[in-house]
1. Kindly provide the set of residues from the stretch B:216-228 that are aliphatic (A, V, I, L, M), closer than 16 Å to A:LEU51 by Cβ and buried (at least 21 other Cβ atoms within 10 Å of the Cβ), ordered by number.
2. Just one of the numbered conditions (1) within 23 Å of the chain's Cα centre (by Cα); (2) exposed (fewer than 14 other Cβ atoms within 10 Å of the Cβ) is not true of B:SER231; which one?
3. With (1) surrounded by fewer than 20 Cβ atoms within 10 Å (Cβ to Cβ); (2) in contact (Cβ under 8 Å) with a residue 12 or more places away in the chain as the list, and B:THR151 as the residue in question, which single condition is left unmet?
4. Go through the stretch B:51-73 and count every residue that is part of a strand (DSSP E or B) and touching a residue at least 12 places away in the same chain (Cβ under 8 Å).
5. Within the set of pairs 6 or more residues apart or between chains, which connect a residue that is farther than 15 Å from B:GLU265 by Cβ inside the stretch B:21-33 to a residue that is at pLDDT below 85 and aromatic (Phe, Trp, Tyr) with Cβ atoms less than 9 Å apart?
6. Pull up the stretch B:121-140, narrow it to residues that are touching a Leu at 6+ places or on another chain (Cβ under 8 Å) and of a type in the set (A, V, I, L, M), then point me to the one that is surrounded by the fewest Cβ atoms within 10 Å (Cβ to Cβ).
7. Is it fair to say B:ALA190 is buried (at least 21 other Cβ atoms within 10 Å of the Cβ) and more than 22 Å from B:LEU76 (Cα to Cα)?
8. Could you please find all residues in the stretch B:206-215 being assigned to a helix (DSSP H, G or I) and loosely packed, with under 13 Cβ neighbours inside 10 Å?
Amino acid sequence: MRKSTAFLLFTLGNAILLVLLLWSGRYASGEARAMREASRVLVQKLQLTDLCLFTEARYTRHPSMADLHSAFQDHPLALEHFPSGSLATPPRFRRERP
Amino acid sequence: MNRSVERHRNILDFALSSLLRRKGKNVSLWVMYTLVVFLIAAIVFYTHALKREAAMILQGAPDIVVQKMVAGRHDLVPVGYVEKIAAIRGVTAVRPRLWGYYYDAVTGANYTLMASDDLPPGTADIGNGVARTTRIAEGDFIPIRAVPGATTLFQVRKVLPYASELASSDLILLSEGDLRALFDFPRGFATDLALTVGNPAERATIAAKIAAQFPDSRPILNSEILRTYDSIFDWRGGMMVVMLGVAVFSFVIFAWDKATGLSAEERKEIGILKSVGWETGDVLLLKFWEGAVVSLAAFLCGVILAYVQVFFFSASLFEPALKGWAVLYPRFKLVPDVDPYQLAVLFFLTVVPYTVATIIPSWRAATVDPDAAMRS
């Protein structure tokens, strides 16, 4: 087999695999969809406000409920010390009075 | 048409042979290239899917949450606010929420404790993450240390479904009386108020009215809750920008390595090809195919591996970074959702610059005299 044929088959195979993965994701992810629905129902029932992603600090557990100073609660120049604090940045949209 | 295709295939054959002659170097380059594409694609897929998940799940979150602020910090809301806020036109329901955090010294995990109306005193519903961390099942007793110092035991009525872990992994639901007794919560106060508003278009107006009527309050709209997650997983958010920056710099190094010049061996090869009759266009086509073979193969393999990692293995490679020092981490599966626009950007960010960077030095080498190229 020519090397170019082998390469083109390899590329075509990968491209087909990628398209199949993207296509199957739209239709065949039953477990993930069931999880989404179960979470949505619970959020509505208990009136929850945040996803349970980072449980180490209260301002990363409920970032949408946190105030801007939560991460620096010890004193104004305190350094943020929780690793997830570098992922969960403070909310930008606030209607607090200055 | 056939002649042109055949020409490209011949040059592709030659490009592949040329790459295989320097097998060790090119295979290691392809592996590193694939890893960088994998890293970028995995971050992009993961953050996009999480943003979508947050948007879908948090649709049912309260329309407005009203907090009370004292000196820039949260404070308990007097339940007396309920009647006044309920009287604002457009507000259909106001529900005081009673919740807080509890640090479990035994496991080192933080839990969210919340009051629920349908629980009898002395019982608790716990999230699946709590059950996993404490190894407590339905019917067992969960100990919680109260503010006065004594430990209270609550019988676990049920473990919240595994499927809802993304929302409830660290939750412990108790009756209102139990929660007040545990934290010595003063009567007549709640943590915050959850509002239901009939018309979504009126939410901002109602929030402004609340802020005007209660200057110590902070209303948070449902749309702001959703935008919080958009901003956390935005490409500018925290670690994302660091990781993406590292990956992009890796590409700059790849491209720089290619663009700054060819090895003596490659120059010699171009000189020989020119001297046996290859035209400059043929040499450039050869270099184009060499670059395209490496970058296209790396792009496809990197993207496929990233998809499998994020959606089949629940992004387990990112878990240590997301977990931080937390003991309790939810187990969840993301619904696959890939934005074609992001895929196209990824393609143009990874394949095109590398291929172009391969051609430029070859063009400079191919335009000099073959004799000089071979001697250099």
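1. First pass over the stretch B:216-228, keeping only residues aliphatic (A, V, I, L, M): B:220-221, B:225-226.
Those still in the list that are closer than 16 Å to A:LEU51 by Cβ too: B:220, B:225-226.
Across the stretch B:216-228, the qualifying residues are B:ILE220, B:ILE225.
2. The single condition B:SER231 does not satisfy is (2).
3. B:THR151 satisfies every listed condition except (2).
4. 7
5. B:LEU29/B:PHE254; B:MET32/B:PHE254; B:TYR33/B:PHE251; B:TYR33/B:PHE254; B:TYR33/B:TYR354
6. Step by step, filter the stretch B:121-140, then rank; the result is B:ALA124.
7. The answer is no for B:ALA190.
8. Those that are assigned to a helix (DSSP H, G or I) and loosely packed, with under 13 Cβ neighbours inside 10 Å: B:ALA208, B:ALA212.
The values are calculated or read from the model by the stated rules, or taken from the named source; none is laboratory data. In this text the structure is predicted, and so the values were computed from the model without any measurement. Cβ atoms come from the backbone with ideal geometry, glycine included; neighbour counts cover every protein chain shown.
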